[in-house]
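**Q** Take a look at the following structure, please.
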Number of protein chains: 2
Amino acid sequence: MNASDSRAPLPAFADVQTAAARIAPYAHVTPVLHSRALDAMTGASLYFKAEHLQRVGAFKFRGACNAVWSLTAAQAACGVVTHSSGNHGAALALAAQLRGIACHVVVPDGAVAAKVAAIAHYGAQLHRCAATLAAREAMCAQVQATTGGNSVHPYTDPRVIAGQGTAALELLTAQPGLDALVVPLGGGGLAAGTALAMRALAPHCRLYLAEPAGAADGARSFAAGALDHAGIPDTICDGLRGTLGAINFEILRACDAQVLTVDDVQAVAALRLLWSRTKQLVEPSSATVLAAVLAHPAVFAGRKVGVILSGGNVDLDALPGLLAAG
Amino acid sequence: MNASDSRAPLPAFADVQTAAARIAPYAHVTPVLHSRALDAMTGASLYFKAEHLQRVGAFKFRGACNAVWSLTAAQAACGVVTHSSGNHGAALALAAQLRGIACHVVVPDGAVAAKVAAIAHYGAQLHRCAATLAAREAMCAQVQATTGGNSVHPYTDPRVIAGQGTAALELLTAQPGLDALVVPLGGGGLAAGTALAMRALAPHCRLYLAEPAGAADGARSFAAGALDHAGIPDTICDGLRGTLGAINFEILRACDAQVLTVDDVQAVAALRLLWSRTKQLVEPSSATVLAAVLAHPAVFAGRKVGVILSGGNVDLDALPGLLAAG
């Protein structure tokens, strides 16, 4: 949203704790699910944090809610602004609605109609623009200038990162003694938040980041030791097409996180397993974590593994094509 | 399975209580789910009993488990026999496996391969026959004669009915003060078991039976005051194609249950709502209950309504066709 994102102060575990208290009146404490069948299949004990049952159907509500309720009354009066037309946009819209403030969402032409409708459903004002980065940034700047609204980036905002960390905080509290956590990697908001919670609550736990092979800027960045945003994302995991943020990368490197890439065929196979075995209609991005566990039995077998099912916003009309992709 | 089914002694609430204690070590106490969105849409307060999260993915495990663990040691030594190649077959197979006894399942040619594979997965012995009622009865008789196995009918067996009643027993205990219960109606095992629990625990509660219009022998039987099995079932709700049992009809009439029919278009619309709003991958039969509530706002608006989501065994490969049916 603005060039200073990467120079924002790093959030810390205390911020995750503050976020947990702040969002408690609004967000669900999601359940932790088990599956005998998937345990047998992976040889691991899997603890699924069910963020698809979070409000708006994704963990994104945690970060958005924390950002909105962090605002001073004066800031809140001007509302919030974002350019995400995915789960973050809907999450920010609902969080703003709950606080009774304005939410402005910049929507590029060609955004998925169902997602835009969800954002409008939560009362956000839509600002349409052409589908280029330049047009989007120009429209964001214009909306901010006009409204004085507070910009809430989907994953580099420290308030958002701290909010996303509350999912792992809940999981590690409900299920002590985990050997590993596996979370999806897109822009790195959930991943970085998880790292903050894990370092404080379970320092011996290892963090694994499941990333689509078709959007593997994270894997390349870790390999190179520097951000590498080259390439155009090509994956069915629509929630993970964002490029890793600088602040997110910094937090993740500090906790020695390891990226595991999975291709779309692996993701769809894991998606089918999750649907048929757990009866939970998670979205493809959520399936990357199980795909990563299935692809690396030597890493996970015999271990207690917490995995975060990040969301459940599947476009039912696109579902037949999704199943065929496997 | 045999001609004496309709003359079996009627099960009572005490049998449901006994069943609950008997199956407790094996069956899940399934959660009760809520959805703000579906409450808003129906004007009712809906309490979804999540039987798709039961073992084998359906309430059927309750009745099968009760039947298997009701057997004396001598009876158990001969195993159990059934002709259901659907959820009941899989449920009986798992229950038998847990007790360490044989399970014989008569499978007519043309049975759904995925369901037959599930039954075999739980260790049952399959006995194939031609897809006619005569061939099926002959094969059942032959298997019983050879093995001495105990026949467990999918819905007219009083042990099965008592077992299915434990779902409503849990729901009414977890959620007192319900004004109505809505359950799917096929052969009437779940419906009759629910009636037994409801009469004892919530006598002021009304029981509604959601039945596919394409398999409406229940509605016709209630209208005529006598069983009417005419017609060939034609509905996508594959779990509800069985014809209402005599013992089931008797129990349901005694509690003044009311049948509400829903067509397949309504069922698919409700299925899409359940998938998108609750993220629970229930099967079409489960969607009939929400379809019935949506179709009768005058009956349900403003009331506390318990609905039983009966199962979640969806054939993923058939899913695109299912969505198109709406």
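The values are calculated or read from the model by the stated rules, or taken from the named source; none is laboratory data. Since this is a predicted model, take the numbers as computed values, not measurements. Using ideal geometry, Cβ is built from the backbone for each residue, glycine included, and neighbour counts are taken over all protein chains shown.
**Q** Which numbered condition in (1) surrounded by fewer than 19 Cβ atoms within 10 Å (Cβ to Cβ); (2) in contact (Cβ under 8 Å) with a residue 24 or more places away in the chain; (3) in a loop (DSSP other than H, G, I, E, B) is the only one that B:THR30 fails?
**A** Unmet for B:THR30, out of (1) surrounded by fewer than 19 Cβ atoms within 10 Å (Cβ to Cβ); (2) in contact (Cβ under 8 Å) with a residue 24 or more places away in the chain; (3) in a loop (DSSP other than H, G, I, E, B): (1).
**Q** Please work out which residue is farthest from the other protein chains (Cβ to nearest Cβ), limiting yourself to the stretch B:308-321 and to residues that are over 30 Å from B:GLN175 (Cβ atoms) and not in a loop (DSSP other than H, G, I, E, B).
**A** Ranking the qualifying residues of the stretch B:308-321, first place goes to B:ALA318.
**Q** Considering A:ALA21, A:ALA37, which residue is free of Cβ contacts under 8 Å to residues at least 60 places away in the same chain, in the same structural domain as A:LYS304 (by TED's automatic domain parsing) and in a helix (DSSP H, G or I)?
**A** A:ALA21
**Q** Still on this structure: Could you say whether any residue in the stretch A:290-313 is surrounded by 18 or more Cβ atoms within 10 Å (Cβ to Cβ), out of contact with any strand residue (DSSP E or B) (no Cβ under 9 Å at 6 or more places or on another chain) and modelled with pLDDT under 95?
**A** no
**Q** Could you please give the count of residues in the stretch B:50-67 that are within 14 Å of chain A (Cβ to nearest Cβ) and touching a strand residue (DSSP E or B) at 6+ places or on another chain (Cβ under 9 Å)?
**A** Number satisfying all stated conditions: 9.
**Q** Does A:GLY225 meet the test of being outside the structural domain of A:ASN87 (by TED's automatic domain parsing), on the phi > 0 side of the Ramachandran plot and at pLDDT 95 or above?
**A** Answer is yes for this residue.
**Q** Let me ask something else. Name the one entry in A:VAL56, A:VAL112 that is buried (at least 24 other Cβ atoms within 10 Å of the Cβ) and within 24 Å of A:PRO184 (Cα to Cα).
**A** A:VAL56
**Q** What tally of residues in the stretch B:284-307 results from selecting those that are outside any helix (DSSP H, G or I) and touching a Leu at 6+ places or on another chain (Cβ under 8 Å)?
**A** Number of matching residues: 5.
**Q** Any residue at all in the stretch A:285-307 that's more than 17 Å from A:PRO212 (Cβ to Cβ) and within 14 Å of another protein chain (Cβ to nearest Cβ)?
**A** no
**Q** Looking for something assigned to a loop (DSSP other than H, G, I, E, B), among the small types (Gly, Ala, Ser) and in contact with a strand residue (DSSP E or B) (Cβ under 8 Å, 6 or more places away or on another chain) - is there at least one such residue anywhere in the stretch B:241-262?
**A** Within the stretch B:241-262, one or more residues are assigned to a loop (DSSP other than H, G, I, E, B), among the small types (Gly, Ala, Ser) and in contact with a strand residue (DSSP E or B) (Cβ under 8 Å, 6 or more places away or on another chain).
**Q** Mind checking which residues of the stretch A:263-283 are in a helix (DSSP H, G or I) and within 14 Å of chain B (Cβ to nearest Cβ)?
**A** A:VAL268, A:ALA269, A:ALA270, A:LEU271, A:ARG272, A:LEU273, A:LEU274, A:TRP275, A:SER276, A:ARG277, A:THR278
**Q** Could you check the stretch B:117-204 for helices (runs of 4 or more DSSP H) lying wholly inside it with 3 or more residues that are farther than 21 Å from B:VAL29 by Cα and small (Gly, Ala, Ser)?
**A** B:133-147
**Q** For the stretch A:40-51, enumerate the residues that are in a helix (DSSP H, G or I) and in contact with a Phe, Trp or Tyr (Cβ under 9 Å, 6 or more places away or on another chain).
**A** If the condition is that a residue be in a helix (DSSP H, G or I) and in contact with a Phe, Trp or Tyr (Cβ under 9 Å, 6 or more places away or on another chain), then A:THR42, A:GLU51 are the ones that fit.
**Q** Which members of the stretch B:228-252 meet the condition of being of a type in the set (A, V, I, L, M), farther than 19 Å from B:ALA267 by Cα and crowded, with 18+ Cβ neighbours inside 10 Å?
**A** Residues satisfying the conditions are B:LEU244, B:ILE247, B:ILE251, B:LEU252.
**Q** What are the residue pairs meeting all of these: first residue in the stretch A:123-148, first residue loosely packed, with under 15 Cβ neighbours inside 10 Å, second residue among the small types (Gly, Ala, Ser), Cβ atoms under 6 Å, and 6 or more apart or on different chains?
**A** A:ALA131/A:GLY110
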